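The values are calculated or read from the model by the stated rules, or taken from the named source; none is laboratory data. What you see is a predicted model; the values in this text were computed from it and never measured. When we count neighbours, we look across all protein chains shown, and the Cβ atoms used for this are built from the backbone with ideal geometry, even at glycine. To get the accessible areas, we keep the full protein, side chains included, count just its heavy atoms, and leave off ligands, DNA and RNA. Shrake-Rupley method; radii C 1.70, N 1.55, O 1.52, S 1.80 Å.
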Amino acid sequence: QVQFVESGGGLVQPGGSLRLSCVNSRMSISTYAMAWYRQAPGKQRELVARILSGGTTNYADSVKGRFTISRDNAKNTLYLQMNSLKPEDTAVYYCNFGLNTGSWGQGTQVTVSS
């Protein structure tokens, strides 16, 4: 079973930054489209950002210009740099495949609050 492990979340003030990381402990992600998703309380899980194996990226309109998705295939790691955070970014953030999702990890909690 594919296993994603997310980290890097925390409590941050509005306008602050966080960098999330995701490692897959059981397989190489280098040839897959990968993505970050988030789920806020009482809401459905949504796609935040996607990066294809060749490096092409796309973002949800709500995070464009503020978030950057990247990958380090040598480290088998996916990243999400989040800047200018807003309270509405508060959610549990998950990584998974970018096209056909697999099993979900525990996620990492991001809370934006003053």
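Restricting to segment 1-50, name every residue that is of a type in the set (Gly, Ala, Ser), more than 21 Å from residue 113 (Cα to Cα) and part of a loop (DSSP other than H, G, I, E, B).
Those that are of a type in the set (Gly, Ala, Ser), more than 21 Å from residue 113 (Cα to Cα) and part of a loop (DSSP other than H, G, I, E, B): 25, 28, 30, 33.
Filter segment 6-56 for residues that are touching a residue at least 60 places away in the same chain (Cβ under 8 Å), open to solvent by 80 Å² or more (accessible area, probe 1.4 Å) and more than 15 Å from residue 111 (Cα to Cα) and give the result.
If the condition is that a residue be touching a residue at least 60 places away in the same chain (Cβ under 8 Å), open to solvent by 80 Å² or more (accessible area, probe 1.4 Å) and more than 15 Å from residue 111 (Cα to Cα), then 32 is the only one that fits.
When segment 87-101 is examined, which residues are found to be open to solvent by 30 Å² or more (accessible area, probe 1.4 Å) and over 18 Å from residue 42 (Cα atoms)?
Passing the criteria: 99, 100, 101.
Any idea which of (1) open to solvent by less than 30 Å² (accessible area, probe 1.4 Å); (2) within 18 Å of residue 3 (Cβ to Cβ); (3) touching a helix residue (DSSP H, G or I) at 6+ places or on another chain (Cβ under 6 Å) is the one residue 112 doesn't satisfy?
Of the numbered conditions (1) open to solvent by less than 30 Å² (accessible area, probe 1.4 Å); (2) within 18 Å of residue 3 (Cβ to Cβ); (3) touching a helix residue (DSSP H, G or I) at 6+ places or on another chain (Cβ under 6 Å), the odd one out for residue 112 is (2).
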